[in-house]
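The values are calculated or read from the model by the stated rules, or taken from the named source; none is laboratory data. The structure displayed is predicted, hence computed values, not measured ones. For neighbour counting, all protein chains shown are included, and Cβ atoms are generated from backbone atoms with ideal geometry for every residue, glycine included.
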Amino acid sequence: MERGVDDKTILDKFVIDFVKIIEKYIKYIIVSGFVAIAHGRSRATEDIDMIIERVSGINFIKIHKELSKKKFVCIQSDDPLIIYDYLVKGDSVRYTRKDEFVPEMEIKFVKDELDEEQIKTRQKLELTGLDVYFSSINMNIAFKEELLKSEKDLEDAKHLRLVYEEEIDEKEINKIKEKIRRFRLNER
């Protein structure tokens, strides 16, 4: 399912251009709905979710300046220190291309051991035809089935289970679900 240059979608191109900047500075992963979309699932979305490593304010300013130079703007603010403050507090920020409202890149800092594990186990998923890092398929399925649970997320998980039927590791998914219950749902 290798995609050629001409069959990249608007979302694909947006992700590729954004990632080219981010990966110069820090590790990242693409998570949630775009993972299923990149694997051929037809569903609407206007945003791509990205988790990035925590960085210092000085390094974030460098990232923001390069994003700005490449015509990406942050919806919350033009001031990189204000944007950084949002991220440090655990909020997400959204970037779009200048003068365009969609698509958006929603960025969050790693917030706990689960996110750190996702960054450590990140993968380039060959079936997408995209040279970007995603959280693992097992992670995506576990998050969608255990934490997110919307109809759209459950359909995404079902789609990923079909695409990766031979590679799914149920034991790993169940371990991740247990960590989700412990870290995100505060079940002990």
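Things to note:
- Selection of the range 113-129 for residues being under 12 Å from Asn140 (Cβ atoms) and aliphatic (A, V, I, L, M) yields only Leu125.
- Residue that is among the basic types (Lys, Arg) and within 18 Å of the chain's Cα centre (by Cα), where the choices are Lys13, Lys71: Lys13
- Within the range 43-78, considering residues that are in a loop (DSSP other than H, G, I, E, B) and charged (D, E, K, R), the one surrounded by the most Cβ atoms within 10 Å (Cβ to Cβ): Glu53
- Taking each residue of the range 99-126 that is closer than 16 Å to Asp47 by Cα and in contact (Cβ under 8 Å) with a residue 12 or more places away in the chain and looking for partners that are part of a helix (DSSP H, G or I) and of a type outside the set (S, T, N, Q) with beta-carbon atoms closer than 8 Å, six or more apart or interchain, yields Pro103/Ile10; Pro103/Leu11; Pro103/Phe14; Met105/Phe14; Met105/Val15; Met105/Phe18; Ile107/Leu87; Lys108/Leu87.
- Scope the range 149-188; condition of a type in the set (A, V, I, L, M, F, W, C), at pLDDT 95 or above and in a helix (DSSP H, G or I); matching residues: Leu154, Ala157, Leu160, Leu162, Val163, Ile173, Ile176, Ile180
- Close Cβ contacts (under 6 Å, 6 or more residues apart or on different chains) running from residues in the range 50-69 that are among the aliphatic types (A, V, I, L, M) to residues that are assigned to a helix (DSSP H, G or I) comprise Ile51/Asp115; Ile61/Pro80; Leu67/Ile21.
- Looking across Tyr164, Tyr133, one residue alone is out of contact with any His (no Cβ under 7 Å at 6 or more places or on another chain), surrounded by 16 or more Cβ atoms within 10 Å (Cβ to Cβ) and more than 15 Å from Ala36 (Cβ to Cβ). It is Tyr133.
Per-residue answers, yes or no, for (1) under 16 Å from Gly129 (Cα atoms); (2) at pLDDT 90 or above; (3) over 20 Å from the mean Cα position of the chain (by Cα):
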{"residue": "Gly4", "(1), (2), (3)": "yes, no, yes"}
{"residue": "Ile21", "(1), (2), (3)": "no, yes, no"}
{"residue": "Tyr28", "(1), (2), (3)": "no, yes, no"}
{"residue": "Gly33", "(1), (2), (3)": "no, no, no"}
{"residue": "Arg43", "(1), (2), (3)": "no, no, no"}
{"residue": "Val55", "(1), (2), (3)": "no, yes, no"}
{"residue": "Leu67", "(1), (2), (3)": "no, yes, no"}
{"residue": "Gln76", "(1), (2), (3)": "no, yes, no"}
{"residue": "Val93", "(1), (2), (3)": "no, yes, no"}
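- Hits in the range 18-42 - residues which are assigned to a helix (DSSP H, G or I), over 19 Å from Leu147 (Cβ atoms) and in contact with a strand residue (DSSP E or B) (Cβ under 8 Å, 6 or more places away or on another chain): Phe18, Val19, Ile21, Ile22, Ala38
- Within the range 169-188, the set of residues being surrounded by fewer than 16 Cβ atoms within 10 Å (Cβ to Cβ) and either within 17 Å of the chain's Cα centre (by Cα) or among the aliphatic types (A, V, I, L, M) (or both) comprises just one member, Leu185.
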